[in-house]
Every structure is written in C-alpha cells, then in structure tokens.
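For reference, the structure discussed in these notes is given below.
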Amino acid sequence: MSKNIRRYLIAGNWKMNKTASEGTALVREIHHEIGHQSDVGAVVCPPFTALESCAKALEGSTVQLGAQNMYPKSEGAYTGEVSPLMLRSLFCTYVILGHSERREYFKESDAFINEKVVAALDSSLKPILCVGETLEQREADETTTVVETQLAGGLKGITADQAENVVIAYEPVWAIGTGKTATPDMAQEVHGFIRKWLEGNFGEAAASKMRILYGGSMKPANARDLLAKEDIDGGLIGGASLQAKSFVELVTIARSLV
Ligand code: PEP
C-alpha cells in the first residue's frame with residue numbers, strides 16, 4: 001500500500017510556551033511563509049490562553065489550530081478544565097491527547113485518555129493520540145507491548161470510520177526534548193508495528209488512511225530521513241516548533257517528499 005494516500009502532517013506542540021502575543025507573532029510568521037500551501041498539513045498547538053488570538057491571526061490560512069489537552073465532558077463543575085466544545089468554538093481542528101508529559105506528571109491513564117478520544121471525536125475534533133515507551137521499557141524489550149497497550153486502551157470502542165480521523169503520534173519518551181532521536185529504522189520498525197495493529201483492529205482501508213507521526217527531537221537536520229520512511233506520515237514537534245524558521249523548514253522538507 002503506497003503512502004501517497006496520506007497527506008503529511010507537521011504538528012507543533014508548543015507545550016507551556018508563548019504568551020498570547022508571542023504566539024500571535026509566531027503564527028503570523030508561519031502563515032506568511034506557508035499559510036497558502038496545502039501539499040502538507042501544518043498545525044500549531046499553542047497553550048489554551050493563546051488559542052483565541054492565534055485563531056484570529058490564522059483566519060484564511062491553511063495552517064490549522066490544535067489544543068494540547070481537553071476534559072472529556074461538554075460542560076459542568078470541572079474547575080480549571082476546558083471542554084471539546086470550547087476548543088471547537090476557537091476553531092481548533094486537532095487536540096493532542098495522552099502526551100507522555102500528561103501521562104507522567106498528571107498520571108493520565110489509558111482509560112481516561114480513551115474517554116478524551118471518544119469525546120473529541122464526538123465533537124468533531126481530531127485526536128492526536130500519543131504513544132511511546134520509556135528508556136527502561138525499551139531496554140527491557142517491552143516497546144511493542146507498551147505501544148500496543150496504549151493503542152488498545154486509548155482507542156477502545158472506536159469504529160473504523162472514526163479511526164480515520166485519529167492521528168497516532170509515536171513518541172519514544174527517551175527522545176522527547178533530549179536531543180536523542182530514534183534512528184529512521186528504529187522509528188519505522190515501531191510505525192510498521194502500529195500500522196499492522198491498526199489494520200488488525202480497523203481493517204486495511206482505514207489503517208491505510210491513518211497518519212502515524214513521529215515525535216522526539218525531530219528537527220530540520222534529521223527530518224528528511226525519518227519522513228521518507230514508509231509508515232512515517234509526519235511529525236509531532238516540540239522544541240523545533242517554537243521558532244518559525246525551523247517549523248517552516250520542516251513543512252518545506254515534507255513538501256519536497258510529496
Ligand atoms: C513533544 O513533546 O511532542 C516532542 C516531540 O518534543 P521535542 O520535539 O522537543 O522532542
């Protein structure tokens with residue numbers, strides 16, 4: 001099955017960086033460079049507090065907006081939380097769910113992440129579901145078991161039609177923010193495993209349309225070889241998404257591979 005049926009997706013995870021005005025300045029620069037192309041999907045995921053101003057700055061742009069988290073209820077007594085409907089009202093298309101930082105610092109379980117995936121899809125938000133092993137798990141040869149458990153838990157109850165709107169991000173925890181990247185072959189091995197798992201659970205037609213992003217210190221210097229791999233359909237980018245130059249370069253590299 002050729003990867004041509006999947007459009008590359010380059011998604012920037014800003015984490016807890018950029019005030020509303022800093023974020024607006026950044027998306028203006030990004031829009032100026034790549035806001036009119038649609039060869040490759042480009043998404044920025046600012047903190048909640050910058051979503052509204054970024055949405056305004058991105059009006060008429062092909063660069064889309066995503067959030068970094070959400071609570072799986074539409075409204076109610078959940079102090080400090082943000083609902084899928086609130087994100088939709090700010091023109092978010094995507095939402096990152098189950099990032100390893102949320103799993104680690106906020107003790108998010110696969111069951112809770114699954115509630116969020118279901119709620120996001122119910123509100124027409126596309127989840128970017130993050131999975132990946134720690135260094136200890138890799139060294140103990142548990143990578144595929146861990147990834148499979150996170151996929152099965154996070155995607156429980158999802159139909160094949162819904163699955164087509166889910167993006168998977170394979171992010172080896174040991175590669176996030178560390179400057180260590182999985183080699184293209186190491187990443188492809190896990191991406192190939194994920195594709196097979198998706199085929200087994202949602203059928204070949206849905207699995208061939210689903211995008212599997214690599215995340216973990218991806219930057220312009222290493223992106224080309226990763227993105228060229230059969231089952232790597234884009235990147236979830238932390239550090240390198242905080243500057244217009246490197247984010248735009250990543251989109252440009254993906255475009256050159258189309
Ligand atoms: C991330 O946090 O999703 C990530 C991949 O970060 P970085 O690119 O900085 O490793």
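Some notes on this structure:
- Restricting attention to segment 23-38, the residues being surrounded by fewer than 17 Cβ atoms within 10 Å (Cβ to Cβ) and not in a helix (DSSP H, G or I) number 3.
- Looking across segment 223-248, the residues that are part of a helix (DSSP H, G or I) and either crowded, with 18+ Cβ neighbours inside 10 Å or within 10 Å of the ligand (Cβ to nearest atom) (or both) come down to ALA223, LEU226, LEU227, GLY239, ALA240, SER241, ALA244, SER246, PHE247, VAL248.
- Considering residues of segment 88-133 that are within 16 Å of the ligand (Cβ to nearest atom) and more than 20 Å from GLY235 (Cβ to Cβ) only, the residue surrounded by the most Cβ atoms within 10 Å (Cβ to Cβ): ILE113
Quick grid of which residues meet (1) open to solvent by 10 Å² or more (accessible area, probe 1.4 Å); (2) at pLDDT below 95; (3) within 14 Å of PHE91 (Cα to Cα):
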site	(1), (2), (3)
ASN4	yes, yes, no
TYR8	yes, no, no
MET16	yes, no, no
SER21	yes, no, no
VAL40	no, no, no
THR49	yes, no, yes
ALA55	yes, no, yes
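- Only listed residue being within 24 Å of SER100 (Cα to Cα), open to solvent by 20 Å² or more (accessible area, probe 1.4 Å), within 12 Å of the ligand (Cβ to nearest atom) and charged (D, E, K, R), chosen from LYS196, LYS219: LYS219
- Of the residues making up segment 202-216, those that are surrounded by fewer than 24 Cβ atoms within 10 Å (Cβ to Cβ) and part of a loop (DSSP other than H, G, I, E, B) are GLY203, MET210, ARG211.
- Segment 49-79: number of residues that are assigned to a loop (DSSP other than H, G, I, E, B) and aliphatic (A, V, I, L, M): 4
The values are calculated or read from the model by the stated rules, or taken from the named source; none is laboratory data. Predicted model only: the values in this text are computed from it and were never measured. Quick reminder, even Gly has a Cβ in these numbers, built from the backbone with ideal geometry, and neighbours come from all protein chains shown. Heads up: the accessible areas ignore ligands, DNA and RNA and are worked out on the full protein's heavy atoms, side chains in. Shrake-Rupley method; radii C 1.70, N 1.55, O 1.52, S 1.80 Å.
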